[in-house]
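The values are calculated or read from the model by the stated rules, or taken from the named source; none is laboratory data. This structure is a prediction, so every number in the text was calculated from the model and none was measured. Here the Cβ positions follow ideal geometry from the backbone for every residue, glycine too, while neighbour counts run over all protein chains shown. To get the accessible areas, we keep the full protein, side chains included, count just its heavy atoms, and leave off ligands, DNA and RNA. Shrake-Rupley method; radii C 1.70, N 1.55, O 1.52, S 1.80 Å.
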There are 2 protein chains.
Amino acid sequence: MTGTSKTTASLKVTLDSWESLFRAQVAVMRKISAMEEFNSLSMREYDVLFNLRFCPGGRSRLVDLNQNLLISQPSLSRMVTRLEDKGLITRESDPDDHRALLLSLTEKGLALQQEIGRQHAKHLHELLGDAMSEEEFREMQRLTGKLREAVA
Amino acid sequence: MTGTSKTTASLKVTLDSWESLFRAQVAVMRKISAMEEFNSLSMREYDVLFNLRFCPGGRSRLVDLNQNLLISQPSLSRMVTRLEDKGLITRESDPDDHRALLLSLTEKGLALQQEIGRQHAKHLHELLGDAMSEEEFREMQRLTGKLREAVA
DNA sequence: CTAATTTATATGCGTATGCATGTAATAACA
DNA sequence: TGTTATTACATGCATACGCATATAAATTAG
């Protein structure tokens, strides 16, 4: 505990807090996955469209996209094939690195993302909007942001 | 906006906050799933042992257990079979309701949960302990608790 | 400049998953 | 009480998943 050393939160508080976040996430995800907007596309698949929509330049390498998802690289590779077969995204070889692919939404993919996103936003707001005050939501965002930074 | 109506957080703040929580969870889970303690048992399987360990009476119906997990009931049913085959949990018919099962840990299952849990706690603390102050962790726990209540 | 290493994606293969549905037991109702 | 509806769990089947590994391209080492 000398000099510039940071203090570390206690084991119990760290674990209890993570456990609470995790269980909250499970509870919310169970509700979300039952929502009608995810009948045509699974949440995992939608998440790919969502990430492509908002990634810089609207293009992303498979590996970079994978960073934001829980599935393995081979699973994402095959999911991309399926989404491509459905006409929702395109795979292009990266001219600067012929190993890599640049993934992007097709017009159809963008339209579907927007349609599902609209419904999803509405339903999420209905589900969670009253859970806490706006200030508390902001604080939760700030804290989860710190958590994310810590593991990046 | 009359009388006792609660104010609802704005759409944007609600969604951004949820998005932030979700991404933080993904980032942490990616790290966790790579940890050595989950070589013998997947996180999902461990979570079943964990839930059984801490549920009231150390026994739980399959349906009740399922509430705390993201997998479907049929998947849990088969996972239980596998965990039973490994000698980690037992399935007993509920004497009060012959449709239901009472699941509980075997001695071996308890021992394994404790062993994995010990390592997991250590690693999680190393991973997250410095992410924020103890007060902030407590606040995160409080807020995620509210979130969970809201969807219960 | 060639050889070894690393990085990005794909594929074989066994297994886990979800959906729809089945079976059995309890609860509700008329 | 007999009938219907509901609840708890299991199973058939098609598909998605993860792990190990292959392939191909870029980077590094010697």
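Pairing residues of segment A:82-104 that are within 13 Å of A:Val48 (Cβ to Cβ) with residues that are in a strand (DSSP E or B) and within 13 Å of DNA strand D (Cβ to nearest atom), at Cβ distances under 6 Å and at least 6 apart in sequence or on separate chains, gives A:Arg91/A:Leu101. Among the residues that make up segment B:24-33, is at least one of them free of Cβ contacts under 8 Å to residues at least 24 places away in the same chain, out of contact with any Leu (no Cβ under 8 Å at 6 or more places or on another chain) and not acidic (Asp, Glu)? No: segment B:24-33 contains no residue that is free of Cβ contacts under 8 Å to residues at least 24 places away in the same chain, out of contact with any Leu (no Cβ under 8 Å at 6 or more places or on another chain) and not acidic (Asp, Glu). Scanning segment A:96-152 for residues that are assigned to a helix (DSSP H, G or I), more than 7 Å from every other protein chain (Cβ to nearest Cβ), open to solvent by less than 30 Å² (accessible area, probe 1.4 Å) and of a type in the set (A, V, I, L, M, F, W, C) yields a single hit, A:Ile116. Checked against the criteria, A:Arg78 does not count as more than 10 Å from DNA strand C (Cβ to nearest atom) and either within 14 Å of chain B (Cβ to nearest Cβ) or open to solvent by 80 Å² or more (accessible area, probe 1.4 Å) (or both).
Scanning segment A:64-75 for residues that are more than 10 Å from chain B (Cβ to nearest Cβ), more than 12 Å from DNA strand D (Cβ to nearest atom) and open to solvent by 50 Å² or more (accessible area, probe 1.4 Å) yields one hit, A:Asp64.
None of A:Leu52, A:Leu41, A:Leu15, A:Leu65 is part of a loop (DSSP other than H, G, I, E, B) and either within 16 Å of DNA strand C (Cβ to nearest atom) or without any contact (Cβ under 8 Å) to a residue 40 or more places away in the chain (or both) except A:Leu41. The set of residues in segment B:56-84 that are farther than 18 Å from A:Ala24 by Cα and among the charged types (D, E, K, R) comprises B:Arg59, B:Arg61, B:Arg78, B:Arg82, B:Glu84. Residue under question is A:Leu112, and the condition is that it be hydrophobic (A, V, I, L, M, F, W, C) and in contact with a strand residue (DSSP E or B) (Cβ under 8 Å, 6 or more places away or on another chain); does it hold? Here the answer is no, as A:Leu112 does not meet what is asked. Note on segment B:85-95: residues that are open to solvent by 50 Å² or more (accessible area, probe 1.4 Å) and near DNA strand D (Cβ under 9 Å from one of its atoms) total 2. Scanning segment B:39-49 for residues that are surrounded by 18 or more Cβ atoms within 10 Å (Cβ to Cβ) and either touching a helix residue (DSSP H, G or I) at 6+ places or on another chain (Cβ under 6 Å) or more than 27 Å from B:His98 (Cα to Cα) (or both) turns up B:Leu41, B:Tyr46, B:Leu49. Return only the number of the condition from (1) on the phi < 0 side of the Ramachandran plot; (2) assigned to a helix (DSSP H, G or I) that B:Gly57 does not satisfy. Result: B:Gly57 fails condition (1) only.
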